[in-house]
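The values are calculated or read from the model by the stated rules, or taken from the named source; none is laboratory data. Small disclaimer: the values here were computed from a predicted structure and weren't measured. We place every Cβ from the backbone using ideal geometry, glycine too, and count neighbours over all the protein chains shown. Remember, those area values only see protein heavy atoms, side chains included, never the ligands or the DNA or RNA. Shrake-Rupley method; radii C 1.70, N 1.55, O 1.52, S 1.80 Å.
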Protein chains: 2
Amino acid sequence: MARKTGSHSEITGPRIRAAAEHLFARHGYAAVSMRQIAAEVGVQAGALYLYTPDKQSLLADLMRAHLEGLLAACAALPEAPGPEARLAQFARFHIGYHIERPDAVFIAYMELRNLEPANFAAIEALRRQYEDRLEAILRDGRAAGAFTIPDTKLATLALIAMLTGVTNWYREGGRLGRAEVEAIYADMALKAVGATGIAG
Amino acid sequence: MARKTGSHSEITGPRIRAAAEHLFARHGYAAVSMRQIAAEVGVQAGALYLYTPDKQSLLADLMRAHLEGLLAACAALPEAPGPEARLAQFARFHIGYHIERPDAVFIAYMELRNLEPANFAAIEALRRQYEDRLEAILRDGRAAGAFTIPDTKLATLALIAMLTGVTNWYREGGRLGRAEVEAIYADMALKAVGATGIAG
DNA sequence: GTCTATAGGGTGATAGAC
DNA sequence: GTCTATCACCCTATAGAC
């Protein structure tokens with residue numbers, strides 16, 4: 001792409017997304033105005049429309065980017081040997097990835113109701129893809145006799161809710177470090193599905 | 001209290017709270033206008049201010065009422081014999097109570113950021129009281145050797161997140177009934193804390 | 001690429017008639 | 001107890017100057 005002298009387009013775009021992510025997470029999409037976002041970036045409100053067609057797209061793009069990043073990182077995990085190791089790996093990955101992106105995570109599951117139908121469907125499909133990865137681990141583990149699960153779908157949703165819950169309280173520099181939190185949650189996840197072996 | 005002939009004050013007040021609860025849960029506090037609430041009730045916007053000093057109080061009152069009801073219902077539970085029974089009872093109670101009030105639950109943990117500082121502190125104190133009830137069960141159970149928990153506070157937060165997660169997907173008339181869901185979750189909660197006995 | 005100015009409309013809350 | 005009318009302000013998005 002050709003550079004345009006004196007332009008800031010390559011820096012302003014990311015800064016707008018960062019400001020929007022921060023403000024949406026803190027105050028909520030509906031409570032944040034385009035003027036506030038512009039003020040945080042240091043431009044006037046009209047300038048935002050060079051980078052996004054409207055406020056709704058700004059939200060949808062943030063959520064899509066987050067979920068696509070989550071899926072890509074999850075797909076890049078190395079193969080783990082056996083159901084227990086796979087579940088422990090998933091639990092640690094999920095917590096680590098979410099702890100590092102509290103704003104994006106918050107938005108991704110608090111602002112679903114502010115998405116227009118078409119955007120909602122797209123985001124929901126991505127979320128479900130991710131859910132399916134955990135469900136596959138649980139299903140395989142149950143088939144192999146490694147887990148005791150009355151209902152695979154329910155266990156999937158219960159585990160994701162439990163693991164995602166860390167973002168409600170975890171703070172950098174708090175009583176427990178990231179590694180400890182990952183270990184404790186992975187252990188609880190394994191126990192919750194009645195894992196027989198030891199792989200936490 | 002004296003009745004005023006031709007007045008609707010005893011019916012309009014509750015209807016306003018019900019409409020606000022429904023709309024706040026569906027679209028979010030910031031996205032709902034006083035005019036929308038009034039329209040749902042069937043009055044003009046100005047009439048709302050006979051029942052609430054402002055929009056913020058409407059939100060805070062809904063959240064306080066929900067949490068006070070939750071605490072009262074929790075306190076009214078019969079004594080259960082032993083740590084496993086106590087935890088199973090709590091898990092079933094939590095799920096049952098939350099499943100029956102999806103709107104209030106949604107608001108109570110999605111709209112915290114829209115509370116003014118004084119209201120936030122009051123609501124947060126109630127939430128913490130409830131959390132402490134579960135934490136006491138886990139602490140006692142660990143002391144009695146019935147549970148295996150690396151960190152009591154973490155286990156508390158993990159279990160509450162897991163149990164509250166039901167409200168994200170549970171629908172009346174769905175694949176699983178309330179009793180089944182309660183049983184499955186109570187079982188997972190007991191396993192997650194390494195319960196030794198059987199009381200699910 | 002960013003600015004100022006503005007169109008067109010919605011907002012919370014209040015005043016005064018009935 | 002409710003209505004109509006209104007105040008003062010904020011909103012998203014666009015047009016046109018620079």
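Residue check: residue B:149 meets all listed conditions (1) free of Cβ contacts under 8 Å to residues at least 12 places away in the same chain; (2) outside any helix (DSSP H, G or I); (3) β-branched (Val, Ile, Thr) but one, namely (1).
Only one of the numbered conditions (1) within 28 Å of residue B:152 (Cα to Cα); (2) without any contact (Cβ under 8 Å) to a residue 40 or more places away in the chain is violated by residue B:87, and that is (2). Out of the range A:8-34, which residues are within 17 Å of residue A:106 (Cβ to Cβ) and within 10 Å of DNA strand D (Cβ to nearest atom)? Within the range A:8-34, A:29, A:30, A:31, A:32 qualify. Taking residue B:48 as the residue in question, decide whether it is of a type outside the set (Phe, Trp, Tyr), buried (at least 19 other Cβ atoms within 10 Å of the Cβ) and more than 24 Å from the chain's Cα centre (by Cα). Answer is yes for this residue. If you go through the range B:35-50 one residue at a time, do you hit one that is part of a helix (DSSP H, G or I), away from DNA strand D (no atom under 14 Å from the Cβ) and more than 14 Å from every other protein chain (Cβ to nearest Cβ)? For the range B:35-50, residues part of a helix (DSSP H, G or I), away from DNA strand D (no atom under 14 Å from the Cβ) and more than 14 Å from every other protein chain (Cβ to nearest Cβ): absent.
Here residue A:100 meets each of (1) within 24 Å of residue A:170 (Cβ to Cβ); (2) surrounded by 13 or more Cβ atoms within 10 Å (Cβ to Cβ) with one exception, condition (2). Restricting attention to the range A:164-192, the residues that are touching a residue at least 40 places away in the same chain (Cβ under 8 Å) and in contact with a Leu (Cβ under 9 Å, 6 or more places away or on another chain) total 7. The number of residues in the range B:172-200 being surrounded by fewer than 20 Cβ atoms within 10 Å (Cβ to Cβ), at pLDDT 95 or above and touching a Pro at 6+ places or on another chain (Cβ under 9 Å) comes to 2. Among residues of the range A:33-61 that are closer than 14 Å to residue A:21 by Cβ, those with a Cβ under 7 angstrom from a residue that is open to solvent by 60 Å² or more (accessible area, probe 1.4 Å) and within 12 Å of DNA strand C (Cβ to nearest atom), sequence gap 6+ or separate chain, pair up as A:41/A:15. Of the residues making up the range A:112-150, just one is over 13 Å from residue A:60 (Cβ atoms), polar (S, T, N, Q) and away from chain B (no Cβ under 13 Å), namely A:129.
I'm trying to understand the selection: among the residues of the range B:8-38, which are surrounded by 15 or more Cβ atoms within 10 Å (Cβ to Cβ), farther than 12 Å from residue B:52 by Cβ and of a type in the set (Ser, Thr, Tyr)? B:29 - this is the single residue of the range B:8-38 that is surrounded by 15 or more Cβ atoms within 10 Å (Cβ to Cβ), farther than 12 Å from residue B:52 by Cβ and of a type in the set (Ser, Thr, Tyr).
Let's see how each residue does on (1) open to solvent by 20 Å² or more (accessible area, probe 1.4 Å); (2) within 27 Å of residue A:78 (Cβ to Cβ); (3) among the hydrophobic types (A, V, I, L, M, F, W, C); (4) not in a helix (DSSP H, G or I):
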{"residue": "A:106", "(1), (2), (3), (4)": "yes, no, yes, no"}
{"residue": "A:113", "(1), (2), (3), (4)": "yes, no, no, no"}
{"residue": "A:120", "(1), (2), (3), (4)": "yes, no, yes, no"}
{"residue": "A:129", "(1), (2), (3), (4)": "yes, yes, no, no"}
{"residue": "A:133", "(1), (2), (3), (4)": "yes, yes, no, no"}
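Taken together, B:170, B:185 contain a single residue that is of a type in the set (Phe, Trp, Tyr) and not in a helix (DSSP H, G or I), which is B:170.
Regarding residue A:87, is this residue surrounded by 21 or more Cβ atoms within 10 Å (Cβ to Cβ), modelled with pLDDT of 95 or more and closer than 25 Å to residue B:128 by Cβ? The answer is no for residue A:87.
Keeping to the range A:51-70, report how many residues are open to solvent by 40 Å² or more (accessible area, probe 1.4 Å) and more than 8 Å from DNA strand D (Cβ to nearest atom). Final tally of qualifying residues: 5.
If I filter the range A:134-147 for residues that are modelled with pLDDT of 95 or more and under 15 Å from the mean Cα position of the chain (by Cα), do I get at least one hit? Looking for residues that are modelled with pLDDT of 95 or more and under 15 Å from the mean Cα position of the chain (by Cα), one finds at least one in the range A:134-147, hence yes.
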